[in-house]
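A.B. asks: Take a look at this one; I'll ask things after.
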Amino acid sequence: MRSKLSRVEGLMSKFIVVILFIQAILCVFCAIGFKQFYDDIVSKQMFLPKAIISPTADAALSYFTYMLLLNTMIPISLIISLEMVKLIQGYFISVDCDMYSEVRDK
């Protein structure tokens with residue numbers, strides 16, 4: 001059975017996909033910036049810690065670090081708020097006497 005989505009939920013789902021795509025692009029730029037920073041600054045300083053594996057591998061790992069740092073771009077509270085609104089609306093619909101159907105006895 002197909003689940004029903006309101007227009008607001010459908011639009012919100014599309015926005016979340018767009019935000020996730022933008023977040024991934026920002027993470028790529030940040031990882032490239034990390035690699036550039038490492039090549040320009042860190043590799044030339046004796047007192048700064050060197051790369052664990054290689055600068056390129058550290059830049060690839062930094063992509064996931066930036067993904068964790070930027071995950072607040074996706075508004076999880078918005079999703080929870082919409083679910084709470086649906087729950088409250090469902091309650092009000094179930095107790096509304098004007099919605100009673102004598103034909104169906106529901």
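A.B. asks: Of all residues in segment 40-72, which are among the hydrophobic types (A, V, I, L, M, F, W, C) and at pLDDT below 80?
C.D. replies: Val42, Met46, Phe47, Leu48, Ala51, Ile52, Ile53
A.B. asks: Right, next: Residues of segment 69-82 being assigned to a helix (DSSP H, G or I) and surrounded by 10 or more Cβ atoms within 10 Å (Cβ to Cβ), which ones?
C.D. replies: Scanning segment 69-82 gives Leu69, Asn71, Met73, Ile76, Leu78, Ile79, Ile80, Ser81, Leu82.
A.B. asks: One residue is enough: does segment 1-17 have a residue meeting the conditions among the hydroxyl-bearing types (Ser, Thr, Tyr) and farther than 30 Å from Gly90 by Cα?
C.D. replies: Scanning segment 1-17 turns up no residue that is among the hydroxyl-bearing types (Ser, Thr, Tyr) and farther than 30 Å from Gly90 by Cα.
Yes/no per residue for (1) touching a helix residue (DSSP H, G or I) at 6+ places or on another chain (Cβ under 6 Å); (2) farther than 19 Å from Ile80 by Cβ; (3) not charged (D, E, K, R):
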residue: Ser6; (1), (2), (3): no, no, yes
residue: Gly10; (1), (2), (3): no, no, yes
residue: Cys30; (1), (2), (3): yes, yes, yes
residue: Phe37; (1), (2), (3): no, yes, yes
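A.B. asks: Turning to a different aspect of this structure: Of the residues Leu87, Leu5, Leu82, Leu26, which single one is in contact with a Ser or Thr (Cβ under 8 Å, 6 or more places away or on another chain) and of a type in the set (A, V, I, L, M)?
C.D. replies: Every option except Leu5 fails the conditions.
The values are calculated or read from the model by the stated rules, or taken from the named source; none is laboratory data. All figures in this text were calculated on a predicted structure; none of them were measured in a lab. Positions of Cβ are generated from backbone atoms using ideal geometry, with glycine treated the same way; all protein chains shown enter the neighbour counts.
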